[in-house]
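The values are calculated or read from the model by the stated rules, or taken from the named source; none is laboratory data. Remember, it's a predicted structure, so these values are computed and weren't measured experimentally. In this analysis, Cβ positions are derived from the backbone assuming ideal geometry, glycine residues included, and neighbour counts consider all displayed protein chains. Calculation scope for accessible area: heavy atoms of the full protein, side chains included, ligands and nucleic acids excluded. Shrake-Rupley method; radii C 1.70, N 1.55, O 1.52, S 1.80 Å.
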Amino acid sequence: MDKVAALKAHIPPVRTLISVDGAKNAFIAYFVFTHLVRTTVFVSSHGIVGTARAVYGGVMDRVVRIIMSLPSTVKKVEEGMQQARIDIEARLVPSGPGVERHLELPAQGKCTEWILAEMDRMDHETAGKTEWKDGHVSGAVYHGGEDMERVIVAAFEKFVVSNPLHPDVFPAVRKMEAEVVSMCLRMYNHPDGAGTMTSGGTESILMAVKAYRDWARDVKGITEPEMVIPASAHAAFDKAGAYFKIKVHHIPVDPVTRQVPIKAVKRAVNWNTIMVVGSAINFPDGCMDDIVELGKLAKRRNIGLHVDCCLGSFIMPFLERAGFPVAPFDFRVEGVTSISCDTHKYGFAPKGSSVVMYRSADLRKYQYYVNSEWPGGVYASPSISGSRPGSLIAGTWAAMQYMGQEGYLNSCREIVATAKTIENAIRNELPELFVLGKPVASVVAFGSKDESALSVLAIGDLMSARGWHLNALMNPPAVHIACTRLTVGRAERFITDLKDSLREAKERPSGASAGGNMVTVYGLGHSTAVGPRLVQKLATVFLDTLYKA
Ligand SMILES: *Cc1c(COP(=O)(O)O)cnc(C)c1O
C-alpha cells in the first residue's frame with residue numbers, strides 16, 4: 001500500500017462522521033444559538049422598554065411601507081412633493097427674465113472683468129437672501145472680518161496651484177500641514193500624538209471611525225463592528241456608520257443635564273463595540289458629555305473614545321484661561337484616543353479645513369489607505385481625498401498664525417460672554433422658556449416650558465421674521481443660537497427681539513403658526529408615522545434642487 005491509501009484507510013467515511021440529520025440539527029442549533037445571543041445582547045443593551053419600542057417601530061415601519069405603496073397614497077405623496085419642489089425652487093433658484101443661465105460652456109473664454117461683474121450680479125439676484133454680515137446668523141460664518149479675509153486670500157494666492165499629494169513639488173505645503181496638526185495637538189495637550197488635516201468635521205469623524213474599524217479588525221478580529229454614541233452626537237457618526245457598515249447605538253441623553261448617561265452607554269457596549277463617542281461640545285444644545293467617565297469605560301473595555309471637538313474647536317482649549325470653568329475633555333483624560341477639531345469653525349480658517357488627532361501614530365496608521373499594486377504606481381493617501389488643495393492648508397496655517405494664542409483667547413472670552421449674556425437673560429427674564437442643560441461655550445438652546453400652549457418653533461419663526469437665522473431642533477423641540485465673532489455685541493438686540501417674538505407668539509391664537517417654515521417642516525416630520533418617510537423624500541427634493549442650474 002502506498003502512503004495515501006494507508007492514510008485513507010484510517011479515515012472513516014464522512015457519512016459516518018456526521019449524518020445528514022446530525023448536520024441539519026447542528027445547523028438549526030447554530031441558527032437558534034446565534035439568534036438567541038443576538039436577542040440577548042439587543043435586550044440587555046436596549047432594556048425591556050427599548051426593545052418593545054424597537055419591535056413596535058419595526059412593525060410600524062412595515063405598516064407605513066404598505067400604506068405608502070398604496071396607489072392612492074403614492075398619488076397624494078407625488079402631488080405633495082411636486083408642490084414642495086415648486087416651493088423650494090421658488091426659494092432657492094432665481095428666475096425671471098433678468099436671470100441669465102450659464103448652462104453650457106461659453107464658446108470663447110470671458111475676461112476677468114466680465115467674470116467678476118457676473119459674480120456680483122448673481123450674488124444680488126436671489127431675493128430674500130440672508131445677510132450674514134449683520135451678525136444675525138447662528139454659526140455658518142465664524143469670523144467674517146475683512147482683515148482675516150485679506151490674510152486668507154493672500155495665502156490662497158501664494159499656493160493656488162499647490163497639492164500636498166506631491167510633497168516633493170510643494171514642500172512648504174507639507175510643512176504647513178504638519179505644523180497645523182502639531183499646533184492643534186499642543187492645544188489639546190498631547191504633543192506626542194499624531195493627526196492629519198481633512199476637508200472638514202465630517203471627514204475628520206469619518207476618518208476616526210474608519211481608523212477604529214480597521215484597528216478593531218486587525219487587533220481584536222471584530223468583523224461586525226458597532227459603536228455607541230449619544231443621541232446628541234453629530235450626524236456625521238451616523239453617516240460613518242452608513243458608509244462603513246458599522247452598527248450605531250444611540251443613547252438618549254439625560255433630559256436635565258443633556259449628557260449621555262454612562263450607565264446606558266455601559267449597557268450598550270458589547271464584544272463587537274469598536275468605539276464610544278463624547279461631544280465637547282455637541283451641536284444641538286452646546287452641552288458637553290462626561291468625558292472622564294467615558295474615558296474610564298473606554299480604557300476598561302479597550303475600545304476607542306472619540307471626543308468630538310469639531311464645534312468646540314478653538315473655544316474649548318481656551319475656556320479655562322478665559323475664566324470659564326470647564327470639566328476635563330482633552331488628551332489629558334485617560335482613555336481619550338482621538339479628537340476632531342474644526343479649524344474652519346472657531347479657528348477662523350477657510351471652509352474645508354479640519355484636523356483629526358490620535359493618541360498615537362500607531363492608531364493613525366489605520367486611517368491611511370495604501371494600494372501597493374495599482375498600475376499607476378504605489379498609491380498612498382492619508383484621508384478620503386487624493387489630490388487636495390494646498391491653498392486651504394496655507395489659508396489655515398495663515399489664519400492660525402494671524403490669531404495666535406492671544407487672539408483665540410480674546411475671541412473665546414468675547415464669544416462665550418455673549419452666549420452667557422443670552423443664557424442668563426433667558427433664565428432670568430423669560431420665565432416661559434428654559435435653557436437646555438448647562439451650555440459650556442458658544443451655543444445656547446432654549447425650549448418652551450409649555451409647548452402645547454406656546455410653541456418654541458413658532459417663536460423661532462417670529463425671530464426669522466426679525467432677521468435672525470437660528471437652528472430648529474427636535475426631541476425636544478427647541479431653538480439654538482451658535483454665537484460667533486459676528487454675534488459679539490448683538491446680545492442685547494437678540495434678547496429684545498426674543499422678548500418681542502415671545503409676546504407676539506402669546507397673542508396669536510394657539511395653533512396658528514407664524515407662517516414661517518420651522519413649524520411646517522417640524523410638523524410634517526413628527527405628527528404622523530408617515531412623517532419621517534415624507535421628510536426623507538422632501539430632503540431628497542431639496543438636494544435635487546441644489547443642482548438645478
Ligand atoms: C460642525 C460639527 C461637525 C462637523 O461638521 P462639518 O460641517 O463637516 O465641519 C461635527 N460635530 C459637531 C459637534 C459640529 O458642530
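So the values come out like this:
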{"item": "Residue among VAL169, VAL253, VAL265 that alone is touching a strand residue (DSSP E or B) at 6+ places or on another chain (Cβ under 8 Å) and open to solvent by 10 Å² or more (accessible area, probe 1.4 Å)", "result": "VAL253"}
{"item": "Of all residues in segment 325-347 being buried (at least 21 other Cβ atoms within 10 Å of the Cβ) and β-branched (Val, Ile, Thr), the one that is nearest to the ligand (Cβ to nearest atom)", "result": "THR343"}
{"item": "Checklist (1) closer than 27 Å to ARG388 by Cβ; (2) free of Cβ contacts under 8 Å to residues at least 40 places away in the same chain; (3) not charged (D, E, K, R) applied to VAL99, failing item", "result": "(1)"}
{"item": "Some residue of segment 483-492 being of a type outside the set (A, V, I, L, M, F, W, C), within 23 Å of the chain's Cα centre (by Cα) and at pLDDT below 90", "result": "no"}
{"item": "Residue within segment 145-154 that is within 30 Å of ALA445 (Cα to Cα), open to solvent by 70 Å² or more (accessible area, probe 1.4 Å) and in contact (Cβ under 8 Å) with a residue 12 or more places away in the chain present", "result": "no"}
{"item": "Criterion: of a type in the set (Asp, Glu), surrounded by fewer than 23 Cβ atoms within 10 Å (Cβ to Cβ), touching a Ser or Thr at 6+ places or on another chain (Cβ under 9 Å) and closer than 23 Å to CYS287 by Cβ - qualifying residue of GLU492, GLU451, GLU432", "result": "GLU432"}
{"item": "Identity of the residue in segment 376-423, hydroxyl-bearing (Ser, Thr, Tyr), touching a helix residue (DSSP H, G or I) at 6+ places or on another chain (Cβ under 9 Å) and open to solvent by less than 30 Å² (accessible area, probe 1.4 Å), that ends up farthest from VAL137 (Cα to Cα)", "result": "SER383"}
{"item": "Residue list for segment 303-324, filter: assigned to a loop (DSSP other than H, G, I, E, B), more than 16 Å from the ligand (Cβ to nearest atom) and either open to solvent by less than 60 Å² (accessible area, probe 1.4 Å) or under 24 Å from ALA264 (Cα atoms) (or both)", "result": "ILE303, ALA322, GLY323, PHE324"}
{"item": "Filter result for PHE446 (in contact with a helix residue (DSSP H, G or I) (Cβ under 8 Å, 6 or more places away or on another chain), assigned to a strand (DSSP E or B), of a type in the set (Phe, Trp, Tyr) and under 30 Å from CYS412 (Cβ atoms))", "result": "yes"}
{"item": "Residue in segment 193-202 that is at pLDDT 95 or above, part of a helix (DSSP H, G or I) and touching a strand residue (DSSP E or B) at 6+ places or on another chain (Cβ under 6 Å) present", "result": "yes"}
{"item": "Selection within segment 283-302 - open to solvent by 10 Å² or more (accessible area, probe 1.4 Å) and either among the acidic types (Asp, Glu) or more than 11 Å from the ligand (Cβ to nearest atom) (or both)", "result": "ASP290, VAL292, GLU293, LYS296, LYS299, ARG300, ARG301, ASN302"}
{"item": "Restricting segment 222-236 to residues that are open to solvent by 40 Å² or more (accessible area, probe 1.4 Å) and in a loop (DSSP other than H, G, I, E, B), the residue that is nearest to the ligand (Cβ to nearest atom)", "result": "HIS234"}
{"item": "Residue count for segment 281-302, restricted to those that are in contact (Cβ under 8 Å) with a residue 60 or more places away in the chain and touching a strand residue (DSSP E or B) at 6+ places or on another chain (Cβ under 6 Å)", "result": "3"}
{"item": "Hey, VAL99 surrounded by 10 or more Cβ atoms within 10 Å (Cβ to Cβ), outside any helix (DSSP H, G or I) and over 32 Å from the mean Cα position of the chain (by Cα) or not", "result": "yes"}
{"item": "Pick from segment 237-263, criterion assigned to a helix (DSSP H, G or I), farther than 21 Å from GLY437 by Cβ and of a type outside the set (Asp, Glu), ranking: nearest to the ligand (Cβ to nearest atom)", "result": "LYS239"}
{"item": "Pairs, first closer than 15 Å to THR540 by Cβ in segment 81-96, second aliphatic (A, V, I, L, M) and open to solvent by 80 Å² or more (accessible area, probe 1.4 Å), C-beta under 9 Å, six or more apart", "result": "LEU92/LEU546"}
{"item": "Verdict on VAL219 being closer than 19 Å to ARG359 by Cβ, within 11 Å of the ligand (Cβ to nearest atom) and either open to solvent by 60 Å² or more (accessible area, probe 1.4 Å) or in contact with a strand residue (DSSP E or B) (Cβ under 6 Å, 6 or more places away or on another chain) (or both)", "result": "no"}
